[in-house]
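Before any comments, here is the structure.
The values are calculated or read from the model by the stated rules, or taken from the named source; none is laboratory data. What you see is a predicted model, and the numbers here were worked out from it, not measured in a lab. The protein model used for the area step is the full one, side chains on, heavy atoms only, and it has no ligands, DNA or RNA in it. Shrake-Rupley method; radii C 1.70, N 1.55, O 1.52, S 1.80 Å.
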Amino acid sequence: MELLNINNLFACAGDKGILKGLNLKINKGEVHVIMGPNGAGKSTLANIILSNPQYKITSGDICFEGENINSLKTDERAKKGIFMSFQTPEEVPGISVTNFLKTAKCAKTGEPIKILAFKNELEENMKKLDMNPSYSVRDLNVGFSGGEKKKLEILQMLTLNPKLAILDETDSGLDVDAIKTVSKGISMYKNDENAVLIITHGTKILENIKVDFVHILVDGKIVKTGDSSLAEEIEKEGYSKFI
């Protein structure tokens, strides 16, 4: 069943056109990967899907579960089930990890949180992600290493259980062990009723994930789509033949 359908999308950041007629279709149960050279528009695509106000759609459509969401704000899209993991997660002093996740889940579902069940689920997921349980009472991302910040992004994804998870270079700057943990978290989240869009420069994060489609994004357009072997080809040969 179709989850996300992007049709002939043009978008800009300020006065600069970034996306130039991009098309992308994601069905439930699929894992898609976006790769491309710096400046191709990968992060712009992620931000446009979640309606970052710094980016603007100039033409084209984004449909989510059959509904055009062009006019919806970020929080409205999040409530519909779209999640994004950031390259550089923000530090938020004064708000603990537990309170942040609890508030976010309540805002998404619109239902009261069952405290004991939430606490048990949080502890179990932190254990699986090799996160020190003491981090749950610390201020959000404050003093966290780069790897712990990225793990926390995955913990948020598992807690909120969105329909579409967009991971924007979540593997950037991580060592091999941390990348394996992030991959494990993606596998824990993935099922037949949701989908994942991974934006990455490398293939390490893909080694333990079943990838359905790899897309090469160049100058604001997807210029080639293939299976996981396309990512391996890029790793060896680069993007020169696509530019």
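Using amide H atoms built 1.01 Å from N in the peptide plane, name the residues 5+ places from Tyr55, or on other chains, whose amide H lies under 5 Å from its own.
Sorted by chain and number, the residues that satisfy this come to none at all.
P(r) for the range 168-243: what percent of alpha-carbon pairs falls in each 5 Å bin, starting at zero?
In whole percents, the pair-distance histogram is 3, 14, 25, 25, 19, 10, 4, 0.
Full-extension gain between Lys180 and Val223, please, as 0.36 nm times their residue separation minus the C-alpha to C-alpha distance. Intermediate values should be presented prior to the final figure.
Working: separation 43, 0.36 × 43 = 15.48 nm, distance 2.92 nm.
So the chain would gain 12.6 nm between Lys180 and Val223.
Whenever you get a sec, compute what percent of the accessible area on the chain sits on carbon and sulfur atoms (1.4 Å probe).
49 percent
Can you tell me, using C-alpha contacts under 8 Å and at least 6 residues apart, the relative contact order of the chain as a whole percent? Mind showing how you got there, number by number?
Working: 451 pairs, mean separation 66.6, N = 243.
Relative contact order, the chain: 27 percent.
Counting pairs on different chains as well as pairs 8 or more places apart, how many Lys pairs in the range 84-159 have Cα atoms under 16 Å apart?
Here the count comes out as 12.
Of the lysine pairs in the range 157-243, how many meet both conditions: Cα atoms under 17 Å apart, and a spacing of 8 or more in sequence or different chains?
Lysine pair count for the range 157-243: 11.
To the nearest Å, what is the center-to-center distance of the range 174-243 and the range 69-137, using C-alpha atoms only?
Cα centroid of the range 174-243 versus Cα centroid of the range 69-137: 24 Å apart.
In whole Å, what three semi-axes, largest first, describe the equivalent ellipsoid of the chain built from its Cα gyration tensor (square root of 5 times each eigenvalue)? Display every interim value, and only then the final one.
Details: eigenvalues 167, 89, 55 Å².
Ellipsoid semi-axes (Å, largest first): 29, 21, 17.
Add -39500 (n - 2.57) for each DSSP H run of 4 or more in the chain, then divide by its residues: what number comes out at 222 nm, to the nearest 500 deg cm²/dmol?
Details: 7 runs with 81 residues, N = 243.
Helix-only estimate at 222 nm: -10000 deg cm²/dmol.
Per residue, how much accessible surface does the chain expose to a 1.4 Å probe? Answer in Å², no decimals.
Values: 11680 Å² over 243 residues.
Result: 48 Å² of accessible area for each residue.
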